């Protein structure tokens with residue numbers, strides 16, 4: 001690893017679904033943030049992970065999250081009147097600290113990595129992406145393929161058993177959820193101009209780095225084995241250690257400097273400088 005590179009000291013926020021994932025406990029322990037954080041820290045970056053928020057001076061427990069943080073949602077009601085207002089107010093107040101500190105981490109970061117599968121509802125991720133782009137900071141957007149192999153196996157099983165009623169219920173479930181495969185990993189068209197066409201990835205590419213970091217096997221590994229990413233994120237981050245990305249200018253039909261990548265050069269004062277002496 002080079003002694004001087006662009007990731008060293010860069011502050012990176014990891015954005016993605018936390019609320020409507022299959023298991024908050026598994027996501028915190030085994031999710032993509034753990035591996036991406038390992039990779040970034042190995043290259044000298046400072047990682048802002050909302051599962052493991054930095055301490056706040058004078059308020060060490062501020063905004064911390066665990067698998068039970070969203071339990072306050074059970075208090076929610078649409079009932080009118082003071083009783084309903086009080087419950088909604090408690091819900092809003094309870095989650096304010098989380099919203100506050102997460103957005104402050106986005107604000108403090110140099111760029112954001114966002115994991116945005118099209119099948120998981122996530123409002124906070126959208127908010128964080130928009131905040132990053134309003135500040136003209138890069139968002140590296142991972143949109144993985146979305147398929148439902150268990151659904152197809154179940155359908156085949158029901159068709160084999162000629163269970164017409166179960167097949168009707170399955171079709172109704174697919175419509176009600178709705179369950180929409182996205183095997184080509186195509187992101188929302190709205191994200192394309194917002195994020196910038198050069199910042200999209202269809203996976204992480206964990207396989208090439210698993211031995212280096214001794215990562216245990218997770219479900220995402222199987223998905224990437226079945227459908228290897230065409231444009232994985234981790235090799236891009238590795239290149240970022242020694243070169244800044246350019247962007248494609250469709251009007252000029254060539255690559256041009258990308259001034260979204262403003263990474264501060266924050267040098268420490270030289271050793272031996274007397275207190276109060278002006279900097280050169």
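Which of these, 56, 47, 106, has the largest mean-square fluctuation under a Gaussian network model of the chain (Cα springs below 10 Å)? Ranking 56, 47, 106 by mean-square fluctuation puts 56 first. Of all beta bridges that DSSP places with both ends in segment 130-280, some 60 percent have antiparallel geometry. Each principal axis of the Cα cloud of the chain was taken in turn, and the coordinate range along them, longest first, works out to 82, 55, 44 Å. Ranking of 116, 70 by neighbouring Cβ atoms within 10 Å, starting from the fewest: 70, 116. For the chain, the share of DSSP beta bridges that are antiparallel, to the nearest 5, is 30%. Using C-alpha pairs below 8 Å separated by at least 6 residues, the relative contact order for segment 75-232 is 21 percent. Here the contact order of the chain, divided by its residue count and restricted to Cα pairs under 8 Å and six or more residues apart, works out to 20 percent. For the residues 53, 28, 87, a GNM of the chain with alpha-carbon springs under 10 Å puts the largest fluctuation on 87.
Please work out the FRET efficiency for the pair residue 256 and residue 135, using the Cβ-Cβ distance as r and a Förster radius of 22 Å; give the result to the nearest 0.05. That pair, residue 256 with residue 135, gives E of 0.60.
Within the listed set 101, 46, 218, the residue fluctuating most in the Gaussian network model of the chain (springs between alpha-carbon atoms under 10 angstrom) is 218.
In segment 200-270, Rg over Rh equals 1.12, where Rg is the alpha-carbon radius of gyration and Rh the Kirkwood radius from pairwise Cα distances.
When peptides 195-206, 34-45, 174-185 are ranked by their average number of other Cβ atoms within 10 Å per residue, the highest-first order is 195-206, 34-45, 174-185. Full extension of the chain segment joining residue 246 with residue 190 gains 18.0 nm, where the gain is 0.36 nm per residue of separation less the Cα-Cα distance. Using a simple spin-label model with pseudo-atoms 7 Å out from Cα toward Cβ, residue 103 and residue 213 lie 3.0 nm apart. For a Förster distance of 30 Å, can you work out the FRET efficiency between the beta-carbons of residue 118 and residue 64, rounded to the nearest 0.05? For residue 118 and residue 64, the calculated efficiency is 0.55. Estimated from helical segments only, the mean residue ellipticity of the chain at 222 nm is -11500 deg cm²/dmol, where each DSSP H run of four or more residues counts as -39500 (n - 2.57).
FYI, it's all coordinate maths here, none of it is from the lab. Worth saying up front: this structure is predicted, and the values here are computed from it rather than measured. In this analysis, Cβ positions are derived from the backbone assuming ideal geometry, glycine residues included, and neighbour counts consider all displayed protein chains.
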